[in-house]
Amino acid sequence: MRIYRFALAAVVAFVWSVVAPSPAFGQVAMPNAKEMSGRVLPVADIPAGTVTVRVARGGVGNYIAKQAVEFTVDGKPRTVTTDADGRAEVSGLRSGTRVRAVAVVDGERLESDEAVIGTSGLRIMLVATDPDAVKREAEDKALAAASAVKGIVVLGPESRIVAQMSDDRLHIYYILQIVNSARTPVDVGGPIIFELPREARGSTIIDGSSPQATANGAHITIVGPFAPGTTSVQAAYELPYSGPVARMEQRWPVALPQLTILVQQVGGLTLTSPQVSAKQDIQDQGEALILATGPGIAAGQALSLEIAGLPHRAAWPRQLALTLAGVILAAGFWGAFTGSRRRATRRAA
């Protein structure tokens with residue numbers, strides 16, 4: 001289990017660094033706009049000596065036009081009205097000038113940190129509370145606390161399978177995101193059970209996973225109900241193999257919208273699967289990976305894959321040693337038996 005935890009931490013960090021920038025693997029989480037309100041950001045695309053303020057309601061995109069913004073420049077007030085894009089700015093300020101911006105939206109005072117003019121332009125966003133968003137958030141909270149209703153869940157686009165060699169053993173990791181898109185908890189009619197390949201051994205749930213998940217032998221069980229949003233589960237097991245090829249086949253109890261498999265490239269490994277439609281070799285941080293993708297897998301559909309080129313020891317030396325041991329043992333028994341017969345014959349004579 002210690003190997004799993006150590007390896008998974010490295011694998012997850014590496015996988016995220018590889019796939020997070022790509023829109024094909026889901027959207028990167030954006031920071032909360034309200035928490036960023038008032039912060040001063042130096043930027044290269046605005047001339048030095050210029051401070052730009054954008055006023056928004058709720059978040060990025062919902063900008064407020066014709067809003068008065070009061071700039072305090074070295075203690076002197078200066079009011080500028082936002083344009084159609086919610087932008088107000090002051091420019092031509094000398095280095096070292098201190099600037100602060102304030103806007104009052106529907107009685108809510110929005111104030112920036114103090115900005116000091118330097119060698120780049122400065123950007124500030126002031127974000128007012130969106131009453132509709134607050135109302136919806138309260139509704140979501142109430143619905144999330146309600147009783148579960150019958151429904152379905154799916155695996156999110158960030159779900160994937162990762163294969164990694166460690167100490168000449170092949171470890172398989174499932175990084176699962178179980179998504180409930182409803183606003184209430186969902187009861188799917190029982191637990192979600194991943195029946196692992198029959199060769200799997202040492203299954204475990206990785207620290208940081210939802211407490212709803214447990215591992216027992218060849219089963220990964222995730223009990224409901226499932227809260228709105230994402231339930232994250234990371235599981236691992238060893239897939240034994242005896243030659244250069246390891247095979248696995250497994251039915252998926254929940255629909256997977258897109259298949260993503262990553263294999264740590266060690267010694268020329270190859271990956272084949274009838275469900276894979278595209279493969280590429282990728283490099284990151286000096287590591288090599290095989291990235292394989294394919295269309296979604298329906299609930300109940302089996303995933304089959306084969307990893308070839310695995311390091312292994314030839315079987316014939318062991319088989320020869322066992323054969324020789326058998327011959328020696330048989331010879332010993334034969335010698336003991338014939339010796340006993342000869343002694344018995346001499347005594348009888």
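The values are calculated or read from the model by the stated rules, or taken from the named source; none is laboratory data. The structure displayed is predicted, hence computed values, not measured ones. Heads up, the Cβs are rebuilt from the backbone with ideal geometry, glycines too, and the neighbour counts pull from every protein chain shown.
Among the strands (runs of 3 or more DSSP E) confined wholly to the stretch 93-179, which include 2 or more residues that are at pLDDT 95 or above and not β-branched (Val, Ile, Thr)? Those strands (runs of 3 or more DSSP E) span 98-105, 108-111, 121-128.
All of SER242, SER209 fail the test of being part of a loop (DSSP other than H, G, I, E, B), touching a residue at least 24 places away in the same chain (Cβ under 8 Å), crowded, with 17+ Cβ neighbours inside 10 Å and polar (S, T, N, Q), apart from SER209. Taking the numbered list (1) among the small types (Gly, Ala, Ser); (2) assigned by TED's automatic domain parsing to the domain that holds ALA255; (3) crowded, with 17+ Cβ neighbours inside 10 Å in turn, ALA101 passes all entries but (2). Going through the stretch 34-54 one residue at a time, which ones are closer than 14 Å to ARG100 by Cα and surrounded by 15 or more Cβ atoms within 10 Å (Cβ to Cβ)? Matches in the stretch 34-54: SER37, GLY38, VAL40, GLY49, THR50, VAL51, THR52, VAL53, ARG54. Is at least one residue of the stretch 136-153 touching a strand residue (DSSP E or B) at 6+ places or on another chain (Cβ under 8 Å), surrounded by 20 or more Cβ atoms within 10 Å (Cβ to Cβ) and in contact (Cβ under 8 Å) with a residue 60 or more places away in the chain? Yes, some residue in the stretch 136-153 is touching a strand residue (DSSP E or B) at 6+ places or on another chain (Cβ under 8 Å), surrounded by 20 or more Cβ atoms within 10 Å (Cβ to Cβ) and in contact (Cβ under 8 Å) with a residue 60 or more places away in the chain. Can you name every residue in the stretch 56-84 that is in contact with a Phe, Trp or Tyr (Cβ under 6 Å, 6 or more places away or on another chain) and either surrounded by fewer than 18 Cβ atoms within 10 Å (Cβ to Cβ) or over 15 Å from ALA128 (Cα atoms) (or both)? Matches in the stretch 56-84: ARG78 only.
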